[in-house]
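**Q** This structure is in structure tokens; I'll ask about it shortly.
Bear in mind these aren't lab numbers, they're just calculated from the coordinates by the rules spelled out. Predicted, not measured: the structure shown is a model, and the values here were computed from it. Glycine gets a Cβ as well: all are built from the backbone with ideal geometry, and neighbour counts include every protein chain shown.
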Amino acid sequence: MNMMSEAAVEEAVGAKVDSQPPVKMQGRMVCVYYGDSQALYDVNLDIRKNQVTALIGPSGCGKSTFLRCLNRMNDTIDTCQVKGSITLDGGDIYDASVDVVELRARVGMVFQKPNPFPKSIYENIAYGPRIHGLARTKSEFDEIVETSLRKAGLFEEVKDRLTSPGTGLSGGQQQRLCIARAIAVSPEVILMDEPCSALDPIATAKVEELIDELRQNFTIVIVTHSMQQAARVSQRTAMFHLGNLVEEGDTDKMFTNPDDQRTQDYITGRFG
Ligand SMILES: Nc1ncnc2c1ncn2[C@@H]1O[C@H](COP(=O)(O)OP(=O)(O)OP(=O)(O)O)[C@@H](O)[C@H]1O
């Protein structure tokens, strides 16, 4: 069969073929307010399946605020109000019918500072599946605990001390435990808010490698202050400034040939 190139197909059908993976989450005209103060202005951003999307920009530009909108973590802040629409597989996550606990199982989160529960390594992982009814028997729990720890690249390091406290692990191991805990409830999207900022370079490298592996099975959105990290781990990058989404695009392009001067200034260290 004569295979047509993508360009030839585009010419033949007179339209651009979207070669990007499907959209998993979509923000449209997202505005966020903390009391009277507006933190985000009309943000339109697509998060694509099985990609890592990095949110970058100077301190206070609204990266974490946008990230927290994606699993309604902002609901926990009394003064916070979100307007516009955010969808997950086309469904409005702010619809009154949405169960926020279920949403957060589908869209998990890993925080800046590793925050294991004051429980055993095993219980840190088993807790989520238990409250979501994902396992019943001891062997089902064992399976989830092992698989999650393996996916987080931690199983070999902790398999002989699963009953020891999670808080006794090193910082990097604790962060991978928190990633394993997020994975254990089979989320579709994992949000990471500066997940390496409390880690040393070796632990950071491990978590970055892990992020790259995880994208085979999950969609990942990461806030990072490190341009090198954004360039290393992400396929798409979104640049925020003063509450506006300045531009977004392929990470390679954003770091070599951005359209907006503010992105250029930020990635070359001229501000922020
Ligand atoms: N809980 C809150 N209450 C009031 N204002 C807030 C709250 N959280 C964030 N803000 C404000 O919203 C704006 C955006 O903050 P946000 O934390 O989203 O920025 P950021 O880009 O993630 O910053 P950083 O890189 O410093 O973490 C800032 O002006 C901040 O002061």
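**Q** Among SER186, LEU149, GLY108, whose Cα lies farthest out toward the positive end of the dipole of the chain, if unit charges sit on the beta carbon of Lys, Arg (+1) and Asp, Glu (-1)?
**A** LEU149
**Q** For a label point 7 angstrom out from the Cα of VAL23 toward its Cβ, which stretches of the stretch 86-130 have the backbone nitrogen within less than 11 Å?
**A** What the label zone holds, given the 11 Å backbone N cut-off, is 86-91.
**Q** Would you mind getting me the FRET efficiency between ASP200 and ASP78? Use the beta-carbon distance for r and R0 = 41 Å, nearest 0.05.
**A** Taking R0 as 41 Å, the efficiency between ASP200 and ASP78 is 0.70.
**Q** Tell me the angle of helix 121-131 to the major Cα principal axis of the chain, expressed in degrees between 0 and 90 and rounded to the nearest ten.
**A** 70 degrees
**Q** By how many degrees, 0 to 90 and rounded to 10, does the Cα axis of helix 201-214 deviate from the longest principal axis of the chain?
**A** 80 degrees
**Q** While we're here: Could you give the nm distance between label points at SER139 and GLN261, where each point is 7 Å from its Cα heading toward the beta carbon?
**A** With each label point 7 Å from Cα toward Cβ, the separation is 6.7 nm.
**Q** Find which of SER59, VAL30, LEU70 sits farthest along the positive direction of the dipole of the stretch 25-71, computed with +1 on the beta-carbon of Lys and Arg, -1 on that of Asp and Glu, about the Cα centre.
**A** Checking the options against the dipole of the stretch 25-71, the answer is LEU70.
**Q** May I pose another question? Have a look at the DSSP beta bridges in the chain and tell me what percent are antiparallel, nearest 5.
**A** So the antiparallel bridges amount to about 60 percent of the total.
**Q** So, one more: What do you get for the angle between helix 138-151 and the principal long axis of the chain? Use alpha-carbon atoms, 0 to 90 degrees, nearest ten.
**A** Taking Cα atoms only, the helix is inclined about 50 degrees.
**Q** Under 5 Å between amide hydrogens, which residues at least 5 positions from VAL223 or on another chain qualify, with H placed 1.01 Å from N in the peptide plane?
**A** Amide H neighbours of VAL223: LEU55, MET192, ASP193, GLU194.
**Q** Here's another thing I want to ask about it. Test of understanding: what is the full-extension gain from SER97 to PHE111, defined as 0.36 nm times their sequence separation minus their Cα-Cα distance?
**A** 2.4 nm
**Q** Taking the Cα centre of the chain as origin, work out the dipole magnitude from +1 charges on Lys and Arg Cβ and -1 charges on Asp and Glu Cβ, in debye rounded to 20.
**A** 700 debye
**Q** So, one more: Using the Cα centre as the reference, give the magnitude of the dipole from point charges on the C-beta atoms of the stretch 125-197 (Lys, Arg: +1; Asp, Glu: -1; all else neutral), rounded to the nearest 20 debye.
**A** 200 debye
**Q** Just want to confirm a number: the relative contact order over the chain, from Cα pairs under 8 angstrom separated by 6+ residues, in percent.
**A** That works out to 25 percent.
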